[in-house]
Amino acid sequence: MDGLACSITLNTRFDAEQRRRYQDPRTIQRLLREAKTIAIVGLSTEKTKASNMVASYLQDEGYRIVPVHPKASAILGEKCYPTVADIPFPVDVVDIFRPAHEVPEIVEQAIANGARAVWMQLRIVHLEAADRAIEAGLFAIVDRCIKMEHGRYGGQLHWAGMNTEVVTSRKRST
């Protein structure tokens, strides 16, 4: 994940300043490189749902997944917690798969948990909550898929035929 940092501007609603603040490639790469534990708020028990596929991928890539689901007891072999506030240990990233109107409360819980970052998945945008996280010392990524970003900077998406806008002459490590 040490490739040339770039900014994918296709299909974005953000202007240049917002992309710098909420989608900075170097911040994304740093989080993906340093994070070990990722709480996934809204992790579905259904294997065909995006949140479950993302969590499964991240688990396969070596991250510890902490499911946040109000009714399930375990997902992907990991104990579930009803809310981020119920997680009894700090997590590195709180990845959000919930509607935008629920994000401010989740951000407050992430701050109280001691999380390093909040990550709002594709099409989940709440800039005021992102700003609150940043003011509290957290990183905030908005309107990006953590799985896609991991694949993009790890080289996996290029091999699947997707233009990652990452230019490198290095051969993919196996």
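The values are calculated or read from the model by the stated rules, or taken from the named source; none is laboratory data. Not measured: the values here are computed from a predicted model. Using ideal geometry, Cβ is built from the backbone for each residue, glycine included, and neighbour counts are taken over all protein chains shown.
The single condition among (1) under 18 Å from residue 96 (Cβ atoms); (2) modelled with pLDDT of 95 or more; (3) of a type outside the set (Lys, Arg) that residue 17 does not meet is (1).
Note on the range 123-143: residues that are in a loop (DSSP other than H, G, I, E, B), over 20 Å from residue 83 (Cβ atoms) and either touching a Pro at 6+ places or on another chain (Cβ under 7 Å) or modelled with pLDDT of 95 or more (or both) total 4.
Pairs linking a residue in the range 95-116 that is closer than 22 Å to residue 147 by Cα to a residue that is buried (at least 19 other Cβ atoms within 10 Å of the Cβ) and of a type in the set (Phe, Trp, Tyr), with Cβ atoms under 8 Å and 6 or more positions apart or on different chains, are 95/119; 96/119; 116/139. Candidates 102, 78, 108, 46: the one that is of a type in the set (D, E, K, R), over 30 Å from residue 14 (Cα atoms) and surrounded by 15 or more Cβ atoms within 10 Å (Cβ to Cβ) is 78.
Can you give me the number of residues within the range 58-81 that are part of a loop (DSSP other than H, G, I, E, B) and either over 19 Å from the mean Cα position of the chain (by Cα) or without any contact (Cβ under 8 Å) to a residue 12 or more places away in the chain (or both)?
6
The combined condition, being closer than 25 Å to residue 151 by Cα, in contact with an Asp or Glu (Cβ under 8 Å, 6 or more places away or on another chain) and part of a helix (DSSP H, G or I), is fulfilled by residue 32.
For the range 85-99, filtering for residues that are closer than 22 Å to residue 47 by Cα and either in contact with a His (Cβ under 8 Å, 6 or more places away or on another chain) or surrounded by 15 or more Cβ atoms within 10 Å (Cβ to Cβ) (or both) leaves 6.
Which one of 148, 162 is surrounded by fewer than 16 Cβ atoms within 10 Å (Cβ to Cβ) and either modelled with pLDDT under 95 or small (Gly, Ala, Ser) (or both)? Reasoning before the result, please.
Numbers: 148 fails: surrounded by fewer than 16 Cβ atoms within 10 Å (Cβ to Cβ).
Selected residue: 162, the only one of 148, 162 that is surrounded by fewer than 16 Cβ atoms within 10 Å (Cβ to Cβ) and either modelled with pLDDT under 95 or small (Gly, Ala, Ser) (or both).
Regarding the range 87-108, can at least one residue be identified that is in a helix (DSSP H, G or I) and farther than 20 Å from residue 139 by Cα? Quick ask: steps written out before the conclusion?
First, pick out the residues of the range 87-108 that are in a helix (DSSP H, G or I): 100-108.
Right, trim to farther than 20 Å from residue 139 by Cα and you get none.
Looking for residues that are in a helix (DSSP H, G or I) and farther than 20 Å from residue 139 by Cα, one finds none in the range 87-108, hence no.
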